[in-house]
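I have placed the structure first, in the form of structure tokens, so that the comments after it can refer back to it.
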Amino acid sequence: MNLNYSGQETIAASHDKVWSFINDPASIASCMPDVLESTVIDPHTFDATVQVAVGPVRGKFKFHVKLDPQPGEKRLNMTIGGGGFGSVVDLTAGADISTEGDTTTLDWTGVASMRGPVATVGGRVLDAQAKRVITTTFANVKAKLTEAA
Amino acid sequence: MSTTAEPEPYSIGVAMKRKEDPRFIRGRGNYLDDHSLPGMLHLALVHSPYPHARIVKIDKTAALAVPGVVAVLTGEDLAAHNLAWIPTFHGYDKQMVLCVGKALYQYQEVAGVIATSRDAAHDGAELVDVQYEPLQPVIDPFVSLTDKTLVREDREAKTNHIYHWEVGKRDETDAALAKADVHINERIVFQRCHPAPLEPCGVIADMNPGTGRLTLILTSQAPHAHRTVVSLVTGIPEDKIRIISPDLGGGFGNKVPVYAGYVVAAAASVVLGVPVKWVETRTENLTCTGFARDYHMDVEIGATSDGKVTALKVKTVADHGAFDAAADPTKYPAGLFGIVTGSYDFPTAFTELDAYFTNKAPGGVAYRCSFRVTEASYAIERAMDILASRLKLDPSELRLKNFVRKDQFPYPSPLGFVYDSGDYHTTLKKALNKIGYAELRKEQAEKRARGELMGIGISTFTEAVGAGPSKHFDIMGIKMFDSAEIRVHPTGSAILRAGTKSQGQGHETTWAQIAAEELGLDPQNILVEEGDTDTAPYGLGTYASRSTPVAGAAIAMAARRIREKARIIAAHLLEAPVDDVEWSKHAFNVVGIPDKSITMQQAAFAAYTNPAPDSEPGLEATFYYDPPNLTFPYGAYVAVVDVDQETGFVKVRRFLAIDDCGTVINPMIVEGQIHGGLTEGFAIAFMQEIVYDENGNNLNTNFTDYLVPTSLESPSWETDSTCTPSPHHPIGAKGVGESPNVGSPAAFVNAVMDALSPLGIEHIDMPLTREKVWTAIQAARK
């Protein structure tokens, strides 16, 4: 099962501030909802343990997150792989960054691929759940950058 | 000595209440999961989330740290004991027990965790860390046939093609089709579905180090065949293996194959020397164990302009999943699909089939049908309706015009069967009269004039069941006979053991009735035992509607052997020559002297207390029955539906099933079988399908996604019968348990297509979900 997502966040912060924030594993980890534990492996990589409750599938998922900044293209690519209790989730996401005056816009897209029990419930509740995770993450990015400002 | 012989209270044809039901309705059934043995450990399995992936590494560390976990087994561990692969029941292929090298379908078993409790085993299973390298999966058989991605690297032939099978006259059929006035060609798909018995599969494996015997309490439809397979795979002599199949909560073909959990539990018990239990979850049942159908059939019929069929050609692509695990007879890789000419007198026919591997669960079991008969019946019954539509003939008229006539039996079909008996015209006419066909057509015309969608669907199927004659039928080389052993006790009660295994069919009652009829005993005092290989005679088990045609015949023949010996005893008691003694009205008497008789009870008592001179004491017999032919039960079904064009909801208003299964042993049990089979056919027609998405995810892993109808959804069934006994069966019986599941899907679909025909819709593949019907209506309106 493949699920596609996209959205846009406009943040009242400079390009450099946003770029630096989203390239920091610890900052990104702090924005993901339901994270129980996160460990930064290197400047572009972190592991996160996330509490998941999707229909009958409930428990902890472990994810390995890799950030792949493309400063020349003003783009951040990200891969998230992992899963739990017999399920696998692979997410490929990317955000294009543009700046106008004091505001920075993130145009983001994501494709999630799922296998195992979590895929079975996908059609009904996973879609909404995944959307919630992604939108909450970017909303938190915006909130934290705005607070900092 | 009695001077009169009262007829026994129960015999063949009597609707006797089921002997097994008092224990079931009191909660005293004894199913696999009711069993517990001292010191027993539990097995849970780890499954692959990927449909196609290399196993890079399996780390057991975290699982072994779970309190209660005793051991974690992988495919490599089994390989050390030569148990990594086992033969499939089809005999031409093998299947992995636990993944070795690659996972070939989603939910394939990767590892087994043994623990002191079921919960600990499942906790451990969640912590087995498996690293996979995902590979491109092959989900569609029409992609598989291109061989762009190879499913089975282990096989010598580097292709996904498993086999080609064909029967009939290709050139003659092609020529007849080319000459036909009318020629239809339709792709008809029988979707992948699953038997989904309410009780899933399981085992308790108990290797006793003291005796050296391995006992398997096993959810098995074929205990003797399973014992032989276990012996061949493990090298354990067959006398050191005992299979006990306890009460079974349904099987429908799902409990014929050998599954990974059985082998891992047995291997663990052998190594650990303690009993090991495995009971699968619902998800495991739906995702790992034998599926059914998945046939993609291109059906061509040629006919004259006045509706006489001239030729039939069917070309099928079969999706077998990752292993060729269909438990078909060796000479019949596509089962009895050759019955595809159905009830119709085709002058010529040809059918061919190609089977392919895909990254899906293996199976192809006979789900409440004789091997692949359901697919064949559905194809021909749908195609006949499409032909009727093109010819603008009433589907009943087309059928009556083309039926094999009563005087043509025994009828040699163009695809190689010899149908034993039938009277198709009488059965269909009875159905049409009983349902009020002419009035229904009138009502339909009135509704159509008002813009309402009402449909009437007919299915007049013929099955080939009762495999089978040893000259043609075997499973892994074992001929498909069956057996019965009857011992009459001194006081006139008896024990009857058979090589079959009831999963709800009521053998404890019907087997007793056959023996009671033949022996003049009270069936209440005939104990029927099945399922224990230590005590039952060797038989191939219960599936493919073979129990009554084969074991039922063995029971009658064993009883007749007993009767022959009892006649000698009766002659001794009557002080008459044996040749002067006859069996009449359930007792022996001297010919011409009916008022002086010996009952079977009296003969039995004498067999142990006053044997005839030169006669062996005791009164028992065994019979191994090798049927001379298959039997060919048939039926005429009519469904009446209303379709709501705004929602796509199909209301099955009426459903009439007229079955002809030859001699009926217990009409109440037959009616129950028909109700159950119709309900399963209804589910297949309207709601059931195992769907895989483009990534190979099984999307129907539980009963919220794979629907089982309850009494609330199921229509009310009307049943009746005609009786055309099988001329070659000792009591004329043909078998019936699977007929309603074989015959009904086409009746439902034909009815819906009939309702939708004013919109120009000719065919929709099952299941006819509301969404599918609604979408077709919307598309037709544009």
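A compact table of results
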| item | result |
| --- | --- |
| Every residue from the range B:101-111 that is closer than 19 Å to residue B:360 by Cβ and outside any loop (DSSP other than H, G, I, E, B) | B:102, B:103, B:109, B:110 |
| Matching residues, the range B:363-384, being touching a His at 6+ places or on another chain (Cβ under 9 Å) and modelled with pLDDT of 95 or more | B:382 |
| Of all residues making up the range B:386-397, the number that are closer than 16 Å to residue B:302 by Cβ and under 30 Å from the mean Cα position of the chain (by Cα) | 2 |
| Residue identified as on the phi > 0 side of the Ramachandran plot, in contact (Cβ under 8 Å) with a residue 40 or more places away in the chain and not aliphatic (A, V, I, L, M) among B:732, B:760, B:743 | B:732 |
| Any hit, the range A:111-121, residues being part of a strand (DSSP E or B), more than 14 Å from chain B (Cβ to nearest Cβ) and out of contact with any Leu (no Cβ under 8 Å at 6 or more places or on another chain) | no |
| Residue match in the range B:744-759 (condition: away from chain A (no Cβ under 14 Å) and under 30 Å from residue B:513 (Cα atoms)) | yes |
| Tally of residues being surrounded by 15 or more Cβ atoms within 10 Å (Cβ to Cβ) and part of a loop (DSSP other than H, G, I, E, B) across the range A:33-73 | 3 |
| Only listed residue being over 28 Å from residue B:368 (Cβ atoms) and either in contact with a Cys (Cβ under 9 Å, 6 or more places away or on another chain) or not β-branched (Val, Ile, Thr) (or both), chosen from B:280, B:238 | B:238 |
| Condition check for residue B:62: within 14 Å of chain A (Cβ to nearest Cβ) and surrounded by 22 or more Cβ atoms within 10 Å (Cβ to Cβ) | no |
| Qualifying positions in the range A:85-99 - within 14 Å of another protein chain (Cβ to nearest Cβ) and either on the phi > 0 side of the Ramachandran plot or in contact with a helix residue (DSSP H, G or I) (Cβ under 7 Å, 6 or more places away or on another chain) (or both) | A:85, A:86, A:87, A:89 |
| Sole exception among (1) out of contact with any helix residue (DSSP H, G or I) (no Cβ under 8 Å at 6 or more places or on another chain); (2) outside any loop (DSSP other than H, G, I, E, B); (3) under 24 Å from residue B:630 (Cβ atoms) for residue B:426, by number | (1) |
| Conditions (1) within 14 Å of another protein chain (Cβ to nearest Cβ); (2) surrounded by fewer than 12 Cβ atoms within 10 Å (Cβ to Cβ); (3) of a type in the set (A, V, I, L, M, F, W, C): number failed by residue B:53 | (2) |
| Residue tally, condition within 14 Å of chain B (Cβ to nearest Cβ) and more than 15 Å from the chain's Cα centre (by Cα), over the range A:1-34 | 2 |
| Checking residue B:750 against (1) outside any helix (DSSP H, G or I); (2) among the polar types (S, T, N, Q); (3) crowded, with 17+ Cβ neighbours inside 10 Å, the condition it does not meet | (1) |
| Matching option when the condition is buried (at least 17 other Cβ atoms within 10 Å of the Cβ), at pLDDT below 95 and out of contact with any helix residue (DSSP H, G or I) (no Cβ under 6 Å at 6 or more places or on another chain), among B:189, B:263, B:229 | B:229 |
| Complete set of residues in the range B:362-398 that are touching a Ser or Thr at 6+ places or on another chain (Cβ under 6 Å) and in a loop (DSSP other than H, G, I, E, B) | B:370 |
| Counted residues, the range B:466-479 - those being touching a strand residue (DSSP E or B) at 6+ places or on another chain (Cβ under 6 Å) and buried (at least 24 other Cβ atoms within 10 Å of the Cβ) | 1 |
| Search result, residues across the range A:74-83 that are at positive phi and within 14 Å of chain B (Cβ to nearest Cβ) | A:82, A:83 |
| Residue in the range B:655-678 that is closer than 30 Å to residue B:141 by Cα and either out of contact with any Cys (no Cβ under 6 Å at 6 or more places or on another chain) or free of Cβ contacts under 8 Å to residues at least 12 places away in the same chain (or both) present | yes |
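This table checks each residue for (1) over 27 Å from residue B:365 (Cβ atoms); (2) surrounded by fewer than 24 Cβ atoms within 10 Å (Cβ to Cβ); (3) not charged (D, E, K, R).
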site	(1), (2), (3)
B:31	no, yes, yes
B:34	no, yes, no
B:82	no, yes, yes
B:99	no, no, yes
B:132	yes, yes, yes
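The values are calculated or read from the model by the stated rules, or taken from the named source; none is laboratory data. Because the structure is predicted, anything quoted here is derived from the model rather than measured. In this analysis, Cβ positions are derived from the backbone assuming ideal geometry, glycine residues included, and neighbour counts consider all displayed protein chains.
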